[in-house]
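The values are calculated or read from the model by the stated rules, or taken from the named source; none is laboratory data. Computed from a predicted structure; not experimentally measured. With ideal geometry, Cβ positions are generated from the backbone for all residues, glycine too; neighbour counts draw on all protein chains shown. For accessibility, only protein heavy atoms count, side chains too; no ligands or nucleic acids. Shrake-Rupley method; radii C 1.70, N 1.55, O 1.52, S 1.80 Å.
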Amino acid sequence: MVNRDQLIAYLLHQMAEEERQAFSERWFVEPELRDELRMAEADLLDAYTRGEVSREQHKQIERYLLASSIQRQKLEFAQALATALPSARPRKIHWAMVGAVAAGLVLVAALSTVIARNRRLENELAYLQSQALSQPQPAPPRGGVYAIFLPAGTLRSRTGIRLSLPTGVDVFHLELGLEPGQDGEFDSAVLSISGRIVFRQQPVSLEGAAPLARASLWIPSKLLAPGNYTIRLESSGTPVAYYSFTVLR
Amino acid sequence: MREDDPKISHGRKRWELDREGWEALMAALAPDRDLAGQNYEELRRRLTDLFAWEGCSLPDQLADEALNRLARKLTEGVVIPHLDRYAFGIARFLIQEDLRARHTRQAALREFSNQKPTGRLESTTAALEECLAGLPDANRRLIERYYAEDRTVLAREFGISVNALRNRAMRIREELFQCVSRKCDDT
């Protein structure tokens, strides 16, 4: 019987050379042990991607588990998995969290401006409703509006953007930050959860000018069950940008 | 090993797998052709993992080289009762060779090792989305909750041990990885 610590010790080269060689010879002919090792490797790469490993393990993973393109493909998969299915469990506090906290502070600052914008949008909506305007875009429905700004690069964000929708909100207004040079036209924006499409907006309007250009989405909040969402912006049917966020319970 | 051996590519002195070698290898892997093919893929994956976990920079090429050398031994008439153990022996030898070569290209390797994956995350994520959508609902929900929730609580809810929960989730994860790899290879 092999415990998990031994598997990790093997993968991270923490075993003495003789022990390591004997262990490799063993897993090479034992299918169950091979499966255990592959699972331990997947666990390590998931934890690495989600910032849940110790500083020492972080170094060892980079040194021993990411030396080849095959291994880096595994890492890319773990990163994509962390984007589509981010962790919502509390994490251990360690050095990597320092960066996360800094990112969080930036987010709080961005949210403050968004809250102020919320009020303005509510007023605008009330005006539009009173004018009974028919919009070519999906029209912001009646009721409360909750707006949030997602900066470009949220897909790669390790901290993730999490939000709780307040009660009484009917419409979720998302402003998607664009990378420089991305302020062209977009055919559609596709919102999905775990690969399942829940909302599509066609076309997508742009607000502001470079470098502050933003794509604007209006999503009925009843579609937003708790979970991890990905937004794909498309231009001529080709994905050009991705964003992610989590709706908390 | 003779210099005029037609199986040796002169200059590189590297034996290339030919039809005879391939047939010998298939026959040694299993009497049934389909099963031999599966065993070949499985052995190749094992070798690739071994080289990757030893820190070799080109695990798949080394795996092919190990299989070539194995086939060569078979065509030479060497009787090999335990094919996988013999393959492991060849692999150990190749790891030593790679280690020696690694010392001579240490600086380049270090640079290579420090490369971060770039540019492909978005296509990998798009492929993953499609693969997630293709999962049966129960599996998709399970893997989603596995990452999002407390695993002890989740295992209790399913009435299984945390280890059994992990095994299930990891099988789904592996299925997703294979699906994403296929999609990325196709593009």
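Shielding by partners for peptide B:40-53, expressed as the average number of C-beta atoms from other protein chains within 10 Å of each residue's C-beta, is 4. Cα-based values for the stretch A:1-57, radius of gyration first and Dmax second, are 11.7, 33 Å. Inter-chain neighbour count for A:25-32: the average number of beta-carbon atoms from partner chains within 10 Å of each residue's beta-carbon is 4.
Dividing the convex hull volume of the alpha carbon atoms of the stretch A:193-249 by its residue count gives 104 Å³ per residue.
Legend: mean number of C-beta atoms from other chains within 10 angstrom of residue C-beta atoms, peptide A:222-229, equals 1.
A simple rule links phi to the HN-Hα coupling: the Karplus curve 6.51 cos²θ - 1.76 cosθ + 1.60 with θ = phi - 60°, which for the stretch A:168-176 gives x, 8, 9, 10, 10, 9, 10, 10, 9 Hz, with x for Gly and Pro.
A cut-off under 14 angstrom between Cβ atoms defines the neighbours of A:Phe77, and their net charge, with Lys, Arg +1 and Asp, Glu -1, is -2. Of A:Phe77, B:Phe177, the order by accessible heavy-atom surface (1.4 Å probe, DNA, RNA and ligands excluded), from most exposed downward, is B:Phe177, A:Phe77.
Taking a probe of 1.4 Å and counting only protein heavy atoms, give the total accessible area buried between chains B and A in Å², rounded to the nearest 100. Buried surface at the B/A interface: approximately 5300 Å². Once you keep just the Cα pairs under 8 angstrom separated by 6 or more residues, what percentage relative contact order results for the stretch A:10-66? Averaging sequence separation for qualifying contacts and normalising by length gives 48 percent for the stretch A:10-66.
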